[in-house]
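Below is one structure, written out as structure tokens; the observations come after it.
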Amino acid sequence: MFSDDRCGGSSNFTDVPKNLAVYAGSDCVLKCAISDNSFPLGWKKNSTEVYTGYEFSNPFNSTGRFEIIQEKNRTYMYNLRIRHAQPSDAGEYECGRNVPQVASAQLVIIGKS
């Protein structure tokens with residue numbers, strides 16, 4: 001989907017995901033937005049594709065817990081919402097596009113579901 005290079009200071013991200021710790025069973029949102037929508041943003045978890053920019057990949061599409069929140073105002077948002085977070089959801093999440101621009105954050109799940 002996208003390159004594994006890290007974004008530099010010249011990226012066009014207007015919001016990037018931040019490290020997050022949430023309690024098991026709660027909802028969370030990892031934010032990511034760009035200044036233009038020439039290519040949609042996708043998401044990976046631990047280098048595994050979650051969202052291609054157009055659809056969710058298996059097994060993420062079968063749970064119904066993952067959702068992209070898009071709002072087109074001054075930026076293009078591709079926020080990743082995870083409902084009822086589970087310990088298996090913990091890991092490194094990256095948002096990016098088909099150019100060498102990637103932003104990442106760690107998601108930590110506290111406790112058992």
- Query: Just how large is the dipole of the stretch 13-110 about the Cα centre, in debye to the nearest 20, putting +1 at every Lys and Arg Cβ and -1 at every Asp and Glu Cβ?
  - Reply: 120 debye
- Task: Take the Cα coordinates of the stretch 13-110, assign each an equal point scatterer, and use the Debye formula without solvent to give log10 I(q)/I(0) at q = 0.12, 0.22, 0.24 Å⁻¹.
- Result: -0.33, -1.14, -1.35
- If you plug each phi of the stretch 34-47 into the Karplus form 6.51 cos²θ - 1.76 cosθ + 1.60 with θ = phi - 60°, what whole-Hz ³J(HN,Hα) values come out, in order, with x for Gly and Pro? 10, 7, 9, 10, 5, 9, x, 8, x, 10, 10, 10, 6, 6
- Computed over the stretch 13-110, the relative contact order (Cα-Cα under 8 Å, seq sep at least six) in percent reads 38 percent
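None of the figures in this text is laboratory data; all of them are computed from the coordinates on show. In this text the structure is predicted, and so the values were computed from the model without any measurement. Counting neighbours? That spans all protein chains shown, and the Cβs are built from the backbone with ideal geometry, glycine included.
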